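The values are calculated or read from the model by the stated rules, or taken from the named source; none is laboratory data. Source: prediction; values computed, not measured. Cβ placement follows ideal geometry from the backbone for every residue including glycine, while neighbour counts extend to all protein chains displayed.
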Amino acid sequence: MSLTRPAGLAGALLAVVLSLTACATGSTNFDAGPVGVVVKITEQDGTIKPSGDTVKVEKGQEILLLVSSDAEDEIHVHSDPEHEFDVKAEDDQEFTFSIDDPGTYEVESHELGVVIVKLQVS
């Protein structure tokens with residue numbers, strides 16, 4: 001007899017959110033659902049997308065960064081507390097966090113020195 005293990009929470013969340021068709025800002029890089037917001041980030045050949053877009057997020061809502069990169073990098077979320085994520089040169093990396101205080105917070109590529117998105121938390 002073989003038992004099947006349920007998918008991890010991040011995998012389940014990703015499956016639910018990616019199956020939704022609603023977008024937070026009308027861009028294909030942001031998906032919003034009842035569970036959280038997914039920001040799809042691609043870093044390739046020294047360029048990162050999205051770049052500087054604003055994403056609306058509710059206080060305490062889970063945010064999933066889905067990253068595909070051809071270079072090592074570090075992503076900083078300039079919030080309090082600050083969130084930092086080490087990016088490897090590979091596809092399908094997942095980083096989750098939430099922000100509890102209203103305001104606008106930049107998500108930045110440390111290596112490229114550019115703002116990926118601005119999270120507008122209300």
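A compact table of results
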read-out	value
Strands (runs of 3 or more DSSP E) (entirely within segment 67-122) containing at least 2 residues that are within 14 Å of Ser51 (Cβ to Cβ), of a type in the set (Ser, Thr, Tyr) and over 13 Å from the mean Cα position of the chain (by Cα)	none
Single unsatisfied condition, Glu106 versus (1) in contact with a Ser or Thr (Cβ under 8 Å, 6 or more places away or on another chain); (2) surrounded by 12 or more Cβ atoms within 10 Å (Cβ to Cβ); (3) of a type outside the set (A, V, I, L, M, F, W, C)	(1)
Hits in segment 50-66 - residues which are touching a residue at least 60 places away in the same chain (Cβ under 8 Å) and part of a strand (DSSP E or B)	Asp53, Thr54, Val55, Lys56, Val57
Selection within segment 18-66 - within 12 Å of the chain's Cα centre (by Cα) and at pLDDT below 65	Asn29, Phe30, Asp31, Ala32
Qualifying positions in segment 85-103 - of a type in the set (D, E, K, R) and surrounded by 15 or more Cβ atoms within 10 Å (Cβ to Cβ)	Glu94
Among residues of segment 88-114, those that are modelled with pLDDT of 95 or more, out of contact with any Lys or Arg (no Cβ under 9 Å at 6 or more places or on another chain) and under 21 Å from Gly36 (Cβ atoms), counted	7
